[in-house]
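**Student:** Okay, here's the structure, questions in a sec.
The values are calculated or read from the model by the stated rules, or taken from the named source; none is laboratory data. Nothing here was measured: the structure is a model prediction, and the numbers come from that model. All Cβ positions, even for glycine, are placed from backbone atoms using ideal geometry, and neighbour counts span all protein chains on display. Surface areas here come from the heavy atoms of the whole protein model, side chains and all, with no ligands, DNA or RNA. Shrake-Rupley method; radii C 1.70, N 1.55, O 1.52, S 1.80 Å.
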Amino acid sequence: MKFAGVFLSSSEPKFPIKDDIDKFCNFLVNSNTGIVYGGGNRGLMGYISKKHKEIGGIVKGVNLKLFHDQGFTAQDYIDHFEVEDTLYIRKKKLIDYSDFIVVLPGGVGTADEFFDVLTHLHMSEIGGGVINKKLYLYNKDNYWSDLIAWIQKSVDFGMLSQIPKELIVVNTIDELISAIKENEN
């Protein structure tokens, strides 16, 4: 079984995305792919984990002790649950447990996770060899467009040699599903 690492918000969005998450979860379950995520029970994190489990998927969660101690945890309904003391260890486990990474809309925590993976991919391209996984960025309603433009600006200004080829930006849930089908056989 493969696992998709999913980085997304623990907040409730002010735009429609839950139908996309439903379609994504159905695709993953039908592809025998579980999810690995931050272990939370609120916002989009709570929604995707409950939906994936509800339709028969396998869910792994790696929560942060700070959130776990405050009750922001989904340990009662997921298949595998861990609690870590630091964000660094949590992110490392999320990445290690994943066969590929999908970034959905989120806040600074999601952006931090995205940049951690992007940095590792960049290091791999210059010989650092840290990870070799696809990173899918779901740019729902241009949510990440400014971030994507900044990354391109970094290339244009010579601060980044190139955008890592493992980064795949998609604008619709159908494009995301197609890209995963094409790359994650």
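**Student:** Relative to the longest principal Cα axis of the chain, at what angle does helix 43-54 sit, 0 to 90 degrees, rounded to 10?
**Tutor:** 60
**Student:** Using a 1.4 Å probe on the protein chains only, how many percent of the accessible area of the stretch 1-144 belongs to carbon and sulfur?
**Tutor:** Heavy-atom surface of the stretch 1-144 belonging to carbon and sulfur, 1.4 Å probe: 51 percent.
**Student:** Quote the FRET efficiency, to the nearest 0.05, computed for residue 183 versus residue 156 with a Förster distance R0 of 35 Å and r equal to the Cβ-Cβ distance.
**Tutor:** The value I calculate is 0.85.
**Student:** Keeping all protein chains in place, calculate the accessible area per residue for the chain (probe 1.4 angstrom), answer in Å².
**Tutor:** Computed with neighbouring chains in place, this is 49 Å² per residue.
**Student:** State, in angstrom, two size descriptors of the stretch 1-106 derived from its alpha carbons: Rg to one decimal place and Dmax to the nearest whole number.
**Tutor:** When restricted to the Cα atoms of the stretch 1-106, Rg and Dmax are 12.5, 34 Å.
**Student:** Can you compute the FRET efficiency between residue 2 and residue 146 using 1/(1 + (r/R0)^6), with r the Cβ-Cβ distance and R0 = 25 Å? Round to the nearest 0.05.
**Tutor:** Between residue 2 and residue 146 the formula returns 0.20.
**Student:** Separate question: Which order do 86, 110 take when ranked by solvent-accessible area (1.4 Å probe, heavy atoms of all protein chains), largest first?
**Tutor:** 86, 110
**Student:** Next up: Which order do you get for 1, 123, 159, 45 if you rank them by accessible area with a 1.4 Å probe, largest at the top?
**Tutor:** 159, 1, 123, 45
**Student:** How would 143, 77 rank on accessible area, largest to smallest, probe 1.4 Å?
**Tutor:** 143, 77
**Student:** So if I average 1/r over every pair of distinct C-alpha atoms in the chain and take the inverse, what Kirkwood radius in Å does that give?
**Tutor:** Hydrodynamic radius (Kirkwood, Cα only) of the chain equals 16.6 Å.
**Student:** For the pairs 140/181; 65/93; 60/91; 65/133, flag any whose C-alpha to C-alpha distance is greater than 22 Å.
**Tutor:** 65/133
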